[in-house]
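What follows is a short report on a single structure.
The values are calculated or read from the model by the stated rules, or taken from the named source; none is laboratory data. As the structure is a prediction and not an experimental result, all values here were calculated from the model. Heads up, the Cβs are rebuilt from the backbone with ideal geometry, glycines too, and the neighbour counts pull from every protein chain shown.
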DNA sequence: ATATGACCCGAATAGTACTTTTGGTCAAAT
DNA sequence: ATTTGACCAAAAGTACTATTCGGGTCATAT
């Protein structure tokens, strides 16, 4: 289930990469920085990854997978279970805990730097494989966890706006007049439930099942990508 | 009530400035461009405005005032009157109609350019004079147009997120999978009303009164700023 | 009186030659 | 068999100059 056996060195490189790329951005982080922080030599990096871009993308995938699992765990731990409000409260909490994912979500050019220029960058067509958010909403509707009198596309878009606003707004509004994170997450969840959950509370269990299924799919997709990536790792017997 | 008598030349300059600054941004728009578009010579610009920054700010104030009036008109025209949903549907519609105000709202560095660097730029302390958004929400609560069991700061922040998301999201999501603007605005209004308006529908009339009062204050504030600005216009009899 | 545009000058930009950095390689060391 | 780090070429950065641009002025024209 988990992506595959993985060497210790690789793990350490990925961790070092996550920290440094998140803190200093793609451009300012050098391969040598990452290598040193991981306690290996620069040359070794190229034994594990094809290059800087590939290292970055491997780290990205790892982080996204970890983010998904944190999200799922938060959903499972949430008392109100399978409602949209709970689902997105969990997501926003996971997002708030993971600064790097905020960068990803925002496509922050200051940190992603030249990586975004790269013509074959990950964000270009990542969305393609995944079920779109409004498909998720539609599934939740079918399960009876979301009221049916709303257009799933609209719901999905409003949710996107809120999530995007959440990770971006502190660039415009100063922290001082923002509410406490917890109060805000609670508020968002309450409002979403009022707005999108059926008046009778809906079928929370069915909703939870849908969410579990979607996450299973999403995480499997990540694992697939991670394995595919590993398959074409540099190897001595190549060509 | 309206700001004051105003020369034709000035109006044309402000219009030209609005168009050019919105399209090409602060840095790429030259005084000469504006002058030519307004059909006057460059020198004349300095008979009406102290300089580029002042021209820009005068245009900004004019646009913000116009935006406020468009917003207010949309509120007045809205059937559901004084609810938060109607208020923000109206705002978002006005915002969607006015690309320049989107720029302002987003503090778009790409278009505002060097203007944002200026130490005495308008955005620095504009907020100071105005009632903050959560004060507005609190007033709506007192009037009975917004449910009282929610923290106004949280409500204000969620609303901010949505507004910010709306003007920014198209940089991340491609237009194709965004819903129709009208459907989306309608959805947002419905969402807000379900989430924030008292279950019995609340006191819409009182809400409307609050909104009118706030707008009156806001527009008066703009007029004050516009007049103050005009008072220290360059004049030949000056010291 | 009012408006104009040639003109001024500081600042931004483009051009250039040179230095440093850094992604990537590979012969040598372990 | 692994791992390393000196090494290389290319890219990025720097320092400097030349050139253009554009905000702002003002003598002149209307």
Discussion item. For the list (1) modelled with pLDDT of 90 or more; (2) over 18 Å from residue B:80 (Cβ atoms); (3) away from chain A (no Cβ under 11 Å), I need the number of the one condition that residue B:175 fails.
Written reply: (1)
Worksheet item: Can you tell me how many residues in the range A:145-172 are at pLDDT 90 or above and more than 10 Å from chain B (Cβ to nearest Cβ)?
Response: 3
Item to complete: From A:86, A:48, grab the single residue that is over 21 Å from residue A:113 (Cβ atoms), within 12 Å of DNA strand D (Cβ to nearest atom) and crowded, with 19+ Cβ neighbours inside 10 Å.
Response: A:48
Response to the item:
the range B:10-92: helices (runs of 4 or more DSSP H) wholly inside it with 2 or more residues that are away from DNA strand C (no atom under 16 Å from the Cβ) are B:52-77
Response to the item:
Log entry, pairs with first residue in the range B:53-66 being free of Cβ contacts under 8 Å to residues at least 40 places away in the same chain, second being away from DNA strand C (no atom under 16 Å from the Cβ), beta carbons closer than 8 Å, six or more apart or on different chains, reads B:66/B:98
Worksheet entry | Boolean, residue B:39 is within 16 Å of DNA strand D (Cβ to nearest atom), out of contact with any strand residue (DSSP E or B) (no Cβ under 8 Å at 6 or more places or on another chain) and free of Cβ contacts under 8 Å to residues at least 12 places away in the same chain | no
Worksheet entry | Complete set of residues in the range A:178-187 that are facing another protein chain (nearest Cβ under 7 Å) and assigned to a loop (DSSP other than H, G, I, E, B) | A:178, A:179
Practice prompt. Would you list the helices (runs of 4 or more DSSP H) that sit entirely within the range B:118-175 and hold 2 or more residues that are loosely packed, with under 14 Cβ neighbours inside 10 Å?
Written response: B:123-129
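Residues to consider are B:65, B:93; find the one that is more than 16 Å from DNA strand D (Cβ to nearest atom), more than 14 Å from chain A (Cβ to nearest Cβ) and farther than 30 Å from residue B:195 by Cβ. Let's see the steps before the verdict.
Details: B:93 fails: farther than 30 Å from residue B:195 by Cβ.
Answer to the selection: B:65.
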Discussion item. Can you confirm whether residue A:235 is modelled with pLDDT under 90 and either under 22 Å from residue A:65 (Cβ atoms) or surrounded by fewer than 21 Cβ atoms within 10 Å (Cβ to Cβ) (or both)?
Written reply: yes
